[in-house]
Amino acid sequence: MKSILQNLINENRQQEKETAAAMQAEIDNPDTGNNRRSFLKKTALGGITLTGLLSMSFEDTIAKTTSKVSRFSSPSDLRITDLRYCVISNGTGSSNARNAIIRIDTNQGLYGLGEVRDGGDIRYALFLKSRILGKNPCNVEMILKTLRQFGGHGRMGGGFSAVDMALWDLAGKAYNVPVYQLLGGKYRDTVRLYSYVPGSGEGPVAKMDMEKLKADMKHRMIEQGFTWMKCHPGLGVVKDIPGALVNNNKLIQNPGMSPRHPFTAIQYTQKGLEAIAEYVETLRNITGYDVPLSADHQGHFDVNTCIRVGNALEKYSLASLEDFLPWNDMEQLKMVTDAINTPTMSGEDIYLKEEFEKMCDNHVVDIMQPDMGSSGGILETKKIGDYAEEKGHAMALHFAGTPVCFMANVHCAAATQNVLALEVPNQIVDNPWWSTLVKTVSKQPLYTKGFANVPLDAPGLGIELNEEVMKQHLHKEDPGWFEPTPQWNEARSFDGLFT
């Protein structure tokens, strides 16, 4: 395992040990009040062991994890009666301009929330409605197995993933336990977040307002408390520097089609490599080396140029280089991983665990990076993480949506041992109303000082929509608020994969 990655894993483990030790010390302190001591003991409770979970049926797992809790409903009689949605706008980019949230209703008044991946089409989820009506939502895995075929890589996995989140939210509410408890309990009470370098840190060094960048970075790391940062040392940093690129601005673009990396014929010159190295060095001088610094959006170029870039940036001890090549160029991705010493990371557009298994088995990249909105939701992402752990790989979670998908990620991260961090891009951390889209049932904020808070005793995902704020941000082209969707009630095809 690459030394940088091992250091990150050890750092996370040490941090979790220190948090647990501090909690125990406060419990043992005779000056701690009874109410505070009771609260701390609750946060230390885990769930059933992962080994136990893997050896039990889903129904037995539910029974085991909920044997001593009061029921909010009659789970055996619970039935799905509807699937509705709303769409909000969380920015102007191609992905965050549309965020579709689904609500699965039941005959007992309980409902579950899920989210189609940012930029995904709500119809990916609506198509599944006719396949789940009348079913007991607590039979999560059984329902999901009937739906797996109706998804695909990228945003096409968004419908299946949204339904998964909503089903787990419902099951947790039905049995009055947090989702992570149904997954086998939690490894941690907080989940480390990583955010981006502020907007003032984008672009060529020569055009940066250095004083503003230092102030913005201080705000990000000190006031906001983020202990892991990500930058974008890509073609945009050097494209206006004469002599930095070979074939600059000569790329022939087909309408509606982005050429694959090996076909662009773009290369860095030595001058270009020095320019991106200067960019990363500028940021490193501000962050220091106590803060992990990752990189993404390097640009579209071939495997040889990827290796040259990786070698040029090695001295800055980056935590990861993300998506050098498309995930399905596995052979070439492995060539890059094997040739450089910086950890590589990929997987945000992969649907289901099978392709991740190939990546792990062949050591295609060092860190698996599923996006729950594409990977298949909470259960599938948990399975991806567990498989990666068995093969000696860490996992980071890609994310750019609303608090609904955010909390689904938090529960999964809490229940999966090898998670390093969860992404929160700038349209989240610099958006004052983003966190107010929901209300947390446990009264904890979504995140505090760069760490997400795992709900201690709130059922399901632990959130409810803040209707007043949500309605202020409904998408202008689809402004409905969970309107009926009877046109999706009926299945109009024979879906069997064999006869």
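The values are calculated or read from the model by the stated rules, or taken from the named source; none is laboratory data. It should be emphasised that the depicted structure is a prediction, and the values quoted were computed from it without experimental measurement. Because the Cβ atoms are built from the backbone with ideal geometry, glycine has one as well, and the counts that use them run over all protein chains shown.
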*Using the structure shown, decide if Val197 is within 25 Å of Ala396 (Cβ to Cβ) and among the β-branched types (Val, Ile, Thr).*
yes
*Going through region 389-403 one residue at a time, which ones are surrounded by fewer than 24 Cβ atoms within 10 Å (Cβ to Cβ) and part of a helix (DSSP H, G or I)?*
Glu389, Glu390
*Can you give me the ranges of the helices (runs of 4 or more DSSP H) entirely in region 292-369 with at least 1 residues that are aromatic (Phe, Trp, Tyr) and within 28 Å of Asp164 (Cα to Cα)?*
353-361
*asked:* Could you check region 213-234 and list, in sequence order, the residues that are free of Cβ contacts under 8 Å to residues at least 40 places away in the same chain and either surrounded by 20 or more Cβ atoms within 10 Å (Cβ to Cβ) or in contact with a Ser or Thr (Cβ under 7 Å, 6 or more places away or on another chain) (or both)?
replied: Asp216
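Okay, residues lined up against (1) in the same structural domain as Ser375 (by TED's automatic domain parsing); (2) closer than 18 Å to Lys382 by Cα; (3) modelled with pLDDT under 95; (4) touching a Gly at 6+ places or on another chain (Cβ under 9 Å):
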site: Glu115; (1), (2), (3), (4): no, yes, no, yes
site: Asp118; (1), (2), (3), (4): no, no, yes, yes
site: Arg123; (1), (2), (3), (4): no, no, no, yes
site: Lys129; (1), (2), (3), (4): no, no, no, no
site: Pro137; (1), (2), (3), (4): no, no, no, yes
site: Val140; (1), (2), (3), (4): no, yes, no, no
site: Ser161; (1), (2), (3), (4): no, yes, no, yes
*When residues of region 404-442 are limited to those that are part of a strand (DSSP E or B) and among the hydrophobic types (A, V, I, L, M, F, W, C), the one nearest to the chain's Cα centre (by Cα)*: Leu422
*Just to be sure, is Glu483 of a type in the set (D, E, K, R), assigned to a loop (DSSP other than H, G, I, E, B), at pLDDT below 95 and surrounded by fewer than 18 Cβ atoms within 10 Å (Cβ to Cβ)?*
no
*Quick one: count up the residues across region 106-131 that are surrounded by fewer than 19 Cβ atoms within 10 Å (Cβ to Cβ) and under 26 Å from Pro459 (Cα atoms).*
4
*Looking only at region 343-352, decide whether some residue is under 30 Å from Gly157 (Cα atoms) and at pLDDT below 95.*
no
*Which condition breaks for Gly134 when tested against (1) more than 21 Å from Thr402 (Cα to Cα); (2) in contact with a helix residue (DSSP H, G or I) (Cβ under 8 Å, 6 or more places away or on another chain)?*
(2)
*Identify the single condition in (1) in a loop (DSSP other than H, G, I, E, B); (2) in contact (Cβ under 8 Å) with a residue 40 or more places away in the chain; (3) among the β-branched types (Val, Ile, Thr); (4) touching a helix residue (DSSP H, G or I) at 6+ places or on another chain (Cβ under 6 Å) that Val237 does not satisfy, given that it satisfies every other one.*
(1)
